[in-house]
Structures are given as C-alpha cells and as structure tokens.
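Everything below concerns the one structure shown next.
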Amino acid sequence: MNVPRLSWRPARWALLRPLSTGAPDQVRQVVELRLQRAGRTGLGEAAPLPGLHRETVEDVVSHLRRLSMHLRQQPPASSPVAAARQLGLALPPSLGWALDWAWHDLTEPEPALPAPPSAGLLLEPPESWHAAVAAAPDCRCWKLKIGRHDPLAEARAFRGLARDFPRHEWRLDANRAFPLAEARAFQAAAAPARPRWIEEPLASVAQLADWLAGGGWPLALDESLREALPAGLAERAAAWVLKPQLLGLATVEESFERVRRLAAAGGSAPCCVISACFESPLGLRALEQLAARAPGRPAPGLGTRAWLGARLDELDWEDGA
C-alpha cells in the first residue's frame, strides 16, 4: 500500500520579546510535520501555546509516536486524522490541525495565493502605542489588546491613535476583561474614536446581546464561538476570529462556508479572521493560505511574526514506525 510516510521534528525559535500568554522563556517551541508519498511532500506545524493549549510539545511528539505505529495498517486514502479517529485515538487540537494541513498540502496542493496584509498587534502598555504605529507606516490595520492596564489610559491612547491616524483600521481585543458596565464606560471614554469591532469585550457571554442592544461597538467573537451563545448572536457578529491551531482545518472551512451561505442569503455576514498562535514561518505560511481564501479577505491576525527571531536548531526528522 502506498501509505504516506510520516516524520516530525521539534523546532525552536528565539523570541525578540516575551510572550504574554504564560510562556516561561523567550523561546518558541513547535513541532514540524512531514507527510511524503509518491515523490510529493505535505508540511504542517503543531504549535501548542502555553496559556492557551492544554497540550505541550512533548505531548504532541508522544501522540505522533503512538499514531505512527498504526498508520501503516490504514487504507492509503485515509488521512492521519481520519485514521486516528477510526482507531479511537484522541489527538490534541494543535496536532490535529498540523496533520490535517499536511494531508491537505500532500493531496490537494493549491497555487500560492497572496494573503491580505496582516493586522499589526499591540501588546505594549498604552503609552507605547502611538510610537509603535508611527514606526510602521505601511501597516494600516492594528489590533489593540485592552483591559490589561488602566482602562482610562487605554481609552485615551486609543482616542489619540484614531485622531492622529484617521485612515487606519482599529480592532480592539479585551479578552473578556470587562463587566458590562465597565465596557460601556470604556466606550464612552474613547469617544469619538470607534473601532471596526471589539473582540470578546465581556466577562459574561450571556451579556453580549445586551452589549449590542445598548449601542455597543460591533462584536468580534473568538472563544465564545466554542460556547453556548444566545440564539442568533454569532450571525450578528462583525467578525469570527478563527485560530486553526485550536479549531482544526475542517471547522475553519465549515465557518467559511457558513459565512458564504449567510452572504448569499442577502443578509449581513461576519468576516472570518484567521488568527495566529505565535507559529513559526512554516505555520504562518499555512495560515496565509487560509487567509487568502477567507470570505471577504479581511486582514488576518498574523502580526505575531514580529515576535520571531532566528531559528535555534535544525534537528533531524524522526520517522514513524
């Protein structure tokens, strides 16, 4: 049987600045995957992020070793993820995504499409925002992480950015930092500045409909898409923020199709924003291909590229059994 050959290797990249997600040091660790068959190669990357994923790089490698022992017994047309499902093996999300993309890359190679320019990412304190935006004149779309510092200082800084860079697009991400009353106070303090949307503003998912009903800024949904939402709220959102390292390829493509159906029905439809988890260049290339196919082609959230420095090692590939 012409079963794909599976191999993998850990890779480490220096970080130019520390992450804010719980990573213990200034090194980003990922696992690169390779599927080979009939002279063709498909590549993927599992990039579990401390503070976001439950699995570690060591967990990913352990699952790969276990899975590889069974793959040669599967039909050649069966993807590794489908084979794992048939075998009753539960794969961690980052590995499921990496295997699915490597299989897609192997069996359905697509011409490289130009991705939309990425949004920049501001994780710095608000007093640094203006200088960071001024230093990147070609970046016209920015995502501001809010709810990490004094809300009034953040509101003032956002107001100043909107005043001084009137042609830029602004996206806010609160990571559920605010009770409803505080979110409304932030919006009032930032006026007349207005973002394209605010991502996950509230600590309570149940109050997101109240936010919109009370004149809140348009919503972007990320974590809430994986929870029980009030009826119809997902369709009323301005954007769905999709992290393939958490969701997997099938869920991302289903989201694309769902948005296309909403648009075809004549109503408003959310944007699908592909978002990174501090992947390496290999992982970012896959995300760029998804972003190029996202309905409406909004700027993806791939500004994490600016955190990556040099590659620290070049290990040999470990072959599956």
#### Entry: Any strands (runs of 3 or more DSSP E) falling wholly within segment 224-321 and containing at least 1 residues that are over 30 Å from VAL27 (Cα atoms)
239-242, 271-274
### Task
Could you grab me the full set of residues in segment 34-75 that are of a type in the set (Gly, Ala, Ser), crowded, with 19+ Cβ neighbours inside 10 Å and more than 23 Å from ASN175 (Cβ to Cβ)?
GLY42, GLY44, ALA46
### Summary
The lone condition ARG156 fails out of (1) under 24 Å from LEU247 (Cβ atoms); (2) part of a helix (DSSP H, G or I); (3) out of contact with any Leu (no Cβ under 8 Å at 6 or more places or on another chain) is (1)
### Task
Run down ALA98, ALA84 and say which single residue is buried (at least 19 other Cβ atoms within 10 Å of the Cβ), free of Cβ contacts under 8 Å to residues at least 24 places away in the same chain and farther than 20 Å from PRO18 by Cα.
ALA84
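A quick yes/no check of all residues on (1) under 18 Å from TRP317 (Cα atoms); (2) of a type in the set (S, T, N, Q); (3) outside the structural domain of ASN175 (by TED's automatic domain parsing); (4) without any contact (Cβ under 8 Å) to a residue 60 or more places away in the chain:
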residue: VAL27; (1), (2), (3), (4): no, no, yes, no
residue: GLY39; (1), (2), (3), (4): yes, no, yes, yes
residue: ALA46; (1), (2), (3), (4): yes, no, yes, no
residue: GLY51; (1), (2), (3), (4): no, no, yes, yes
residue: SER62; (1), (2), (3), (4): yes, yes, yes, yes
### Task
Taking only segment 111-137 into account, find how many residues are in a loop (DSSP other than H, G, I, E, B) and more than 23 Å from ALA286 (Cα to Cα).
6
### Query
Looking at (1) under 22 Å from LEU106 (Cβ atoms); (2) exposed (fewer than 15 other Cβ atoms within 10 Å of the Cβ); (3) of a type in the set (S, T, N, Q), which is the one condition that is false for SER268?
(1)
### Message
Criterion first (free of Cβ contacts under 8 Å to residues at least 24 places away in the same chain, on the phi < 0 side of the Ramachandran plot and buried (at least 19 other Cβ atoms within 10 Å of the Cβ)) does LEU219 satisfy it?
### Response
yes
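The values are calculated or read from the model by the stated rules, or taken from the named source; none is laboratory data. Since this is a predicted model, take the numbers as computed values, not measurements. No Cβ is skipped: glycine too gets one built from the backbone with ideal geometry, and neighbour counts run over all protein chains shown.
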